[in-house]
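Enquirer: Got a structure for you, written out below as structure tokens; questions coming shortly.
The values are calculated or read from the model by the stated rules, or taken from the named source; none is laboratory data. Predicted, not measured: the structure shown is a model, and the values here were computed from it. Don't worry about glycine lacking a Cβ; one is built from the backbone with ideal geometry, like all the others, and counts go over all protein chains shown.
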Amino acid sequence: MARNPNRVPSYCHHKGSNRGVVTINGRDIYLPGEYNGTKSRRAYERLIGEYLSGGRMVAGDLSPATIAEVVNGYRLHCADYYRANDGTLSDEADNIRCALKPLVKFYGDTAAVDFSPISLESLRKKMIGLGWSRTYINSAVGRMRRCFKWAASRQLIPITTWQALQTIDGLRYGRSGARETAPVKPVAQPDIDATLPYLNRHVRAMVVAQLLSGSRGGEICSMKISQIDMTRPVWEYRPAKHKTSIHGHQRVIYFGPKAQALLRPFLKADPNAFVFSPRLADEERRAELHARRKTPLSCGNVPGSNKRRIPKKTPGDCYTSDSYAQSVRYAIAAANEARAAAMGVAVDKLPDDCRVADWHPHQLRHSAATRLREVAGVDVARTAMGHASLDATEIYAEPAREKAIATMLKIG
């Protein structure tokens, strides 16, 4: 039977010297003082504490830690560190895991102390070859540096190894050969209107509510009834988990009369229930299909009779950012298929000016920020969007191009 990798090394008795001994990574470490004495027990507790804090490695091991061992220890650290207020694992832990994959793949057996700036440059070229974008490569390199910084703080590598990696500058726009990504733009309202009829009523309400409030897609997906304060003319939704919760920032999302009218049909008696539920949406879809069937019940048209006993996937109680975006993609494809059928052409032959453009829910936040800034100014947009600084609002809110053109016609 394989040993449990999470097992804590035991405190053992070395009879020959009557001392405590601990075996870590194949190495026997003898503790000071007599076996089971106060001094020996304190040394054991101190050693185990350093061992767990150091990613299940001990500083000064006989053999230098490899990059794979350092990364494994750092992942264990991230699994404890990157936690939201409710104890759930933050998305950053998964981002770190993905960013460190090339490091382990190409340099896993290399001693961490030997990973040099030249090695990082070579690895970065491999990332470019994988088709990663310039901005994602820069963020991945930053996460790798944090991994080596953590290793240096645990005395697994000399601090000079991490300091040397700091000498590598990030990739610059237009000078790296890496793929550039287009900035996220607001969604054109005609594209939203063309997509809505092909969404179920839950996702359709999510799209409109996000557009009206400027919330993030994940915040709409995880919204619970108990988190909405309905005692005021403008409802206030305080999500338990949001992007800046780890920094201690408060997040309030405001729902005006239009959004309130949209949300009311989805409110339930259970305050801990999610407002929008894929499970309920699936039940409604099946009930609608059953109502449209012509086959009588006596001929095998009993609801639920054509379901798998153990399905591969079952709808959950709430949407995720991925399932939300996937629903939008399916609706866009259905809208384009309907337009192509009406024109009597294949979907791939549909003219660009007749095609519903691809968009994703995050663009709705940009649309809302742009509209808020145009109507009420940048300060109001910053508060409604939950930004700590105006710079973040400027990223989301597109300049009022039409107003600028109209102004230049007058004064230019």
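Conditions tested, residue by residue: (1) in the same structural domain as ASN272 (by TED's automatic domain parsing); (2) under 27 Å from ASP91 (Cα atoms); (3) at pLDDT 90 or above.
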site	(1), (2), (3)
THR320	yes, yes, yes
ALA333	yes, no, yes
ALA338	yes, no, yes
SER389	yes, yes, no
LYS410	yes, no, no
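Enquirer: For segment 205-239, enumerate the residues that are in contact with a Leu (Cβ under 8 Å, 6 or more places away or on another chain) and assigned to a helix (DSSP H, G or I).
Expert: Listed by number, the residues that qualify are ALA205, VAL207, VAL208, ALA209, GLN210, LEU211, LEU212, GLY217, ILE225.
Enquirer: A further question follows. Is it fair to say ALA369 is in contact with a Phe, Trp or Tyr (Cβ under 7 Å, 6 or more places away or on another chain), under 21 Å from LYS185 (Cβ atoms) and either surrounded by 14 or more Cβ atoms within 10 Å (Cβ to Cβ) or at pLDDT below 90 (or both)?
Expert: On the way: in contact with a Phe, Trp or Tyr (Cβ under 7 Å, 6 or more places away or on another chain): yes; under 21 Å from LYS185 (Cβ atoms): yes; either surrounded by 14 or more Cβ atoms within 10 Å (Cβ to Cβ) or at pLDDT below 90 (or both): yes.
Against the criterion (in contact with a Phe, Trp or Tyr (Cβ under 7 Å, 6 or more places away or on another chain), under 21 Å from LYS185 (Cβ atoms) and either surrounded by 14 or more Cβ atoms within 10 Å (Cβ to Cβ) or at pLDDT below 90 (or both)), ALA369 qualifies.
Enquirer: If you don't mind, another one. What are the residues in segment 82-121 that are within 30 Å of PRO239 (Cα to Cα), modelled with pLDDT of 90 or more and touching a Ser or Thr at 6+ places or on another chain (Cβ under 9 Å), if any?
Expert: Passing the criteria: ASN95, ALA99.
Enquirer: What tally of residues in segment 22-40 results from selecting those that are under 47 Å from the mean Cα position of the chain (by Cα), modelled with pLDDT of 85 or more and surrounded by 15 or more Cβ atoms within 10 Å (Cβ to Cβ)?
Expert: The total comes to 2.
Enquirer: Restricting the first residue to segment 356-378 and requiring it to be touching a residue at least 60 places away in the same chain (Cβ under 8 Å), which pairs with a second residue that is among the charged types (D, E, K, R) and part of a helix (DSSP H, G or I) meet a Cβ separation below 7 Å and a spacing of at least six or different chains?
Expert: What qualifies is VAL356/ASP191; ALA357/ASP191; TRP359/ASP191.
Enquirer: Condition check: buried (at least 19 other Cβ atoms within 10 Å of the Cβ) and either touching a strand residue (DSSP E or B) at 6+ places or on another chain (Cβ under 8 Å) or over 30 Å from VAL104 (Cβ atoms) (or both). Does ALA209 satisfy that? Break it down into steps so the answer makes sense when it comes.
Expert: Numbers: buried (at least 19 other Cβ atoms within 10 Å of the Cβ): yes; either touching a strand residue (DSSP E or B) at 6+ places or on another chain (Cβ under 8 Å) or over 30 Å from VAL104 (Cβ atoms) (or both): yes.
Criteria met by ALA209.
Enquirer: Mind listing just one residue for me: the one in segment 3-21 that is in a loop (DSSP other than H, G, I, E, B) and either farther than 18 Å from GLU69 by Cβ or hydroxyl-bearing (Ser, Thr, Tyr) (or both) and, of those, modelled with the lowest pLDDT? Walk me through how you get there before you give the answer.
Expert: Let us first name the residues in segment 3-21 that are in a loop (DSSP other than H, G, I, E, B), namely 3-11, 15-18.
After this cut, where a residue has to be either farther than 18 Å from GLU69 by Cβ or hydroxyl-bearing (Ser, Thr, Tyr) (or both) as well, the list is 10-11, 15-18.
On the way: SER10: 86, TYR11: 88, LYS15: 82, GLY16: 71, SER17: 77, ASN18: 83.
Only one residue fits best here, namely GLY16.
Enquirer: Out of ALA65, ALA79, ALA43, I need the residue that is under 29 Å from ARG97 (Cα atoms) and at pLDDT below 85. Which one? First the steps, then the outcome.
Expert: Details: ALA79 fails: at pLDDT below 85; ALA43 fails: under 29 Å from ARG97 (Cα atoms).
Checking each option against the conditions leaves just ALA65.
Enquirer: While we're looking at this one, here's another question. Only residues that are of a type in the set (D, E, K, R) and in contact with a strand residue (DSSP E or B) (Cβ under 8 Å, 6 or more places away or on another chain): list them for segment 108-165, please. Give the steps one after another, and end with the answer.
Expert: Restricting attention to segment 108-165, the residues satisfying the condition of being of a type in the set (D, E, K, R) are 109, 114, 121, 124-126, 134, 143, 145-146, 149, 154.
The answer is ASP109, ARG134.
Enquirer: If you check TYR136 against the conditions, is it more than 25 Å from ARG339 (Cβ to Cβ), among the aromatic types (Phe, Trp, Tyr) and within 19 Å of the chain's Cα centre (by Cα)?
Expert: Details: more than 25 Å from ARG339 (Cβ to Cβ): yes; among the aromatic types (Phe, Trp, Tyr): yes; within 19 Å of the chain's Cα centre (by Cα): yes.
So TYR136 passes the test.
Enquirer: Something else about it: Only one residue in PRO233, PRO197, PRO296, PRO257 is outside the structural domain of LEU372 (by TED's automatic domain parsing) and of a type outside the set (D, E, K, R). Which one? Full working, then the answer.
Expert: Numbers: PRO233 fails: outside the structural domain of LEU372 (by TED's automatic domain parsing); PRO197 fails: outside the structural domain of LEU372 (by TED's automatic domain parsing); PRO257 fails: outside the structural domain of LEU372 (by TED's automatic domain parsing).
Residue meeting the stated conditions: PRO296.
Enquirer: Does segment 232-244 hold any residues that are among the β-branched types (Val, Ile, Thr) and at pLDDT 90 or above, and which are they?
Expert: Taking segment 232-244 and keeping what is among the β-branched types (Val, Ile, Thr), we get 234, 244.
Of everything in segment 232-244, just one residue is among the β-branched types (Val, Ile, Thr) and at pLDDT 90 or above, namely VAL234.
Enquirer: Could you please find all residues in segment 188-231 being basic (Lys, Arg) and modelled with pLDDT of 90 or more? Give the derivation first.
Expert: Just the residues of segment 188-231 that are basic (Lys, Arg), to begin with: 201, 204, 216, 224.
Once the filter is applied, which keeps residues that are basic (Lys, Arg) and modelled with pLDDT of 90 or more, segment 188-231 yields ARG201, ARG204, LYS224.
Enquirer: Enumerate the helices (runs of 4 or more DSSP H) found wholly within segment 94-165, keeping only those where 3 or more residues are without any contact (Cβ under 8 Å) to a residue 24 or more places away in the chain, assigned by TED's automatic domain parsing to the domain that holds HIS77 and closer than 20 Å to CYS78 by Cβ. If you could, list the steps in order and put the result at the bottom.
Expert: Details: elements: 101-107, 117-129, 134-153, 159-165.
So the answer is 134-153.
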